[in-house]
Amino acid sequence: MKCSICNYQNLCNFLTLGHQPPSNSFLRFEGLNKPETYYPLDVYYCENCGLVQLGYEVKPEILFRNYVYSTQTNKSLIKNFAELVDKIVARFKLAGKDLAVDIGSNDGTLLKGYLKYNIRILGIEPSNVAEIAIKNSVPTMKEFFNRDTPMKIVKKYGKAKVVTATNVFAHVKDIMSSVEGVKKLLSDDGIFICESHHILSLVTGMQWDSIYHEHLRYYSLKPLIYLFKLFNMDIFDAEKITTHGGSIRIYVCKKNMYPNSDNIAKILKEEESYGLYNKETFHEFAQKVKAHKIKIQEMLIGIKKEGKKIAGIGAPAKGNTLLNYCNITPDIMEYLVERSNLKIGLYTPGMHISIVDEKQLFDEQPDYALLLSWNIAEELIPKIKKLGYKGKIIVPVPWPHIVD
Ligand SMILES: [Zn+2]
């Protein structure tokens, strides 16, 4: 294999999370009796450009076949999007005639933020979630974005002043085609804003559960700069934001269109001083991941030995990496509770833990609940307590700990 950004061939495989089913392939009851396909989940580091990436790419049509993630269910994301849109409109002086395009627009939550400004909007979303957006009056093209997509858009809507892609650049199979597409879609003074989980947070926060087949790449700023340079584009600003446990937001323009912010050098320096440009850092991280797994297993088995009940809170895709890698079966964790109607009634891929309505947590009061949606812990824990859950909550990262 070779690096998906710089084509370097001698990549370093520092972490192996075994074979796992795709994290969003939740099963219906009938599916429990059928074969399930597992794919390798191995992670590589490129010493040439600094990119961290998966070794095996599952076909997008398999990954996104039964995609059930909907932004509408995540309050902190909704807030992040609303703030981002307000900031974009103010900083880049967007006006009514301007077009804003969101790639991987999901249910249209981000784009809805532009409506109060009367800015023209368009979403690009390949999964079935596009239908929710269309129902919510967000114009959406139901397809994958690539170098050919802008032709269809520009003909009908003109070029875009702003293109956003939040948590999408990790997912796209052909990153070169996507960046080429973004460049074609942007007006000369257009801005591309892209948010991705920051590998610095992933490594420092032990967020290895964020590694799953949909996330092909894990970015630091350095390889992103490398990537856009290939297309004669500049990252002129960057900032660290809190979404998904710590993400990096970059602002990209066509060459020399906007002045460079000091934030770029600051973030590069921080990445370098943590050792993100050194493969030894990733070998050490992999050792910690193995120790983390054993700690989680010991903790849960210890609780079971006392005859206590354990449930799980949330059924995010990343929860399945944790459940599968740590081999947490239904005899350890009886069920997961969820608010999303899209997931209630389904079973987790691999471990086949049933997903039930959140109210079961309050009705049954299991002794412990493992918080799989730890990225929204601040919002979720007080809410669950307020709603009446009296048991103990286990937060798995950065190291498993109990919140009373
Ligand atoms: Zn590379």
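List, please: which pairs have Cβ atoms under 6 Å, are six or more places apart or on different chains, and start with a residue in the range 109-130 that is more than 14 Å from residue 141 (Cβ to Cβ) and end with one that is small (Gly, Ala, Ser)? Matching pairs, first to second residue: 113/82; 114/100; 118/96; 119/100.
It is to be established whether one or more residues within the range 32-39 are out of contact with any strand residue (DSSP E or B) (no Cβ under 8 Å at 6 or more places or on another chain), at pLDDT 95 or above and of a type in the set (Phe, Trp, Tyr). No, because not a single residue in the range 32-39 is out of contact with any strand residue (DSSP E or B) (no Cβ under 8 Å at 6 or more places or on another chain), at pLDDT 95 or above and of a type in the set (Phe, Trp, Tyr).
The number of residues in the range 148-162 being buried (at least 17 other Cβ atoms within 10 Å of the Cβ) and not small (Gly, Ala, Ser) comes to 6.
Scanning the range 202-220 for residues that are in a helix (DSSP H, G or I), closer than 12 Å to residue 318 by Cβ and of a type in the set (A, V, I, L, M, F, W, C) yields 202, 208.
This table checks each residue for (1) buried (at least 20 other Cβ atoms within 10 Å of the Cβ); (2) charged (D, E, K, R); (3) closer than 30 Å to residue 377 by Cβ.
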| site | (1), (2), (3) |
| --- | --- |
| 219 | yes, no, yes |
| 224 | yes, no, yes |
| 230 | no, no, no |
| 235 | yes, no, no |
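Taken over the range 368-404, the criterion of being touching a His at 6+ places or on another chain (Cβ under 6 Å) and closer than 15 Å to residue 333 by Cα is satisfied by 395 alone. Checking the stated criteria, residue 239 turns out not to satisfy the condition of being surrounded by 17 or more Cβ atoms within 10 Å (Cβ to Cβ), modelled with pLDDT of 95 or more and acidic (Asp, Glu). Restricting attention to the range 58-86, the residues that are assigned to a helix (DSSP H, G or I) and either exposed (fewer than 13 other Cβ atoms within 10 Å of the Cβ) or modelled with pLDDT under 95 (or both) total 16. With respect to the conditions (1) in contact with a Ser or Thr (Cβ under 7 Å, 6 or more places away or on another chain); (2) part of a loop (DSSP other than H, G, I, E, B); (3) more than 16 Å from the ligand (Cβ to nearest atom), residue 24 falls short on a single one, namely (1).
Of all residues in the range 1-21, those being within 16 Å of the ligand (Cβ to nearest atom) and not in a strand (DSSP E or B) number 11.
Among the residues making up the range 313-335, a single one is over 20 Å from the mean Cα position of the chain (by Cα) and outside any loop (DSSP other than H, G, I, E, B): 335.
Within the range 33-44, one or more residues are within 16 Å of the ligand (Cβ to nearest atom), touching a residue at least 12 places away in the same chain (Cβ under 8 Å), outside any helix (DSSP H, G or I) and of a type in the set (Phe, Trp, Tyr).
The values are calculated or read from the model by the stated rules, or taken from the named source; none is laboratory data. All values reported here derive from a predicted model rather than from experimental measurement. Don't worry about glycine lacking a Cβ; one is built from the backbone with ideal geometry, like all the others, and counts go over all protein chains shown.
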